[in-house]
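> Pasting a structure below so you can have a look.
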Amino acid sequence: MALQHVSMTLRSEVNYEVIKPVPDIGWRLRKHYFLVKSHINPKEEMLLSWVEHGPDKYLEDRDLQGVFKSISNLQVM
């Protein structure tokens, strides 16, 4: 599920691509790591972290999907 959220978030970002998940790193529950490559500098690889919603999740899944879509439409100026 985390890979789907990360892929959806980076889908509109043309400068970065998820290469692969990095398993068994860190100790935090529900935290996932992914290796990400930059298209601008292909030799540069980055580590992206993603934390799933915990038991304190406030919004319904349907509303969260709308938030994720809105975030992916943000542009840096």
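None of the figures in this text is laboratory data; all of them are computed from the coordinates on show. What you see is a predicted model, and the numbers here were worked out from it, not measured in a lab. Backbone-built Cβ (ideal geometry, glycine too); neighbour counts: all protein chains shown.
> In deg cm²/dmol and to the nearest 500, what is the mean residue ellipticity at 222 nm of the chain if only DSSP H runs of at least 4 residues count, each as -39500 (n - 2.57), divided by the residue total? List each step's numbers first, then the result.
Numbers: 2 runs with 22 residues, N = 77.
Result for the chain, helices only: -8500 deg cm²/dmol.
> Sketch the reach of a paramagnetic label on E17 as a point 7 Å from Cα along Cα-to-Cβ, and name the residues of segment 31-47 whose backbone nitrogen lies under 14 Å away.
What the label zone holds, given the 14 Å backbone N cut-off, is 35-46.
> While we're looking at this one, here's another question. With Cα Rg over 2.2 N^0.38 Å defined as stated, name the option among (1) 1.12; (2) 1.19; (3) 1.05 computed from the structure displayed.
(2)
> Hey, can you grab everything whose amide H is under 5 Å from the amide H of Y16? Only 5+ residues off in sequence or another chain; H modelled, so Pro and N-termini drop out.
H39
> Right, another one. Could you give the dipole magnitude of the chain about its Cα centre, charging the beta-carbon of Lys and Arg +1 and that of Asp and Glu -1, in debye to the nearest 20?
Dipole of the chain, to the nearest 20 debye: 100 debye.
> Taking 7 Å along the Cα-to-C-beta vector as the label spot, tell me the Y58-K31 distance in nanometres, rounded to one decimal.
Each label point is offset 7 Å from its Cα along the Cβ direction, giving 2.2 nm.
> Here's something else I'd like to know. Okay, which of segment 13-35 sit inside 20 Å, backbone N to the point 7 Å along the Cα-Cβ direction of Q65?
13
> Read phi for every residue in segment 64-76 and hand back ³J(HN,Hα) as whole Hz from Karplus 6.51 cos²θ - 1.76 cosθ + 1.60, θ = phi - 60°, with x for Gly and Pro.
Calculated HN-Hα couplings, in order: 5, 4, x, 5, 4, 5, 5, 5, 5, 8, 5, 10, 8 Hz.
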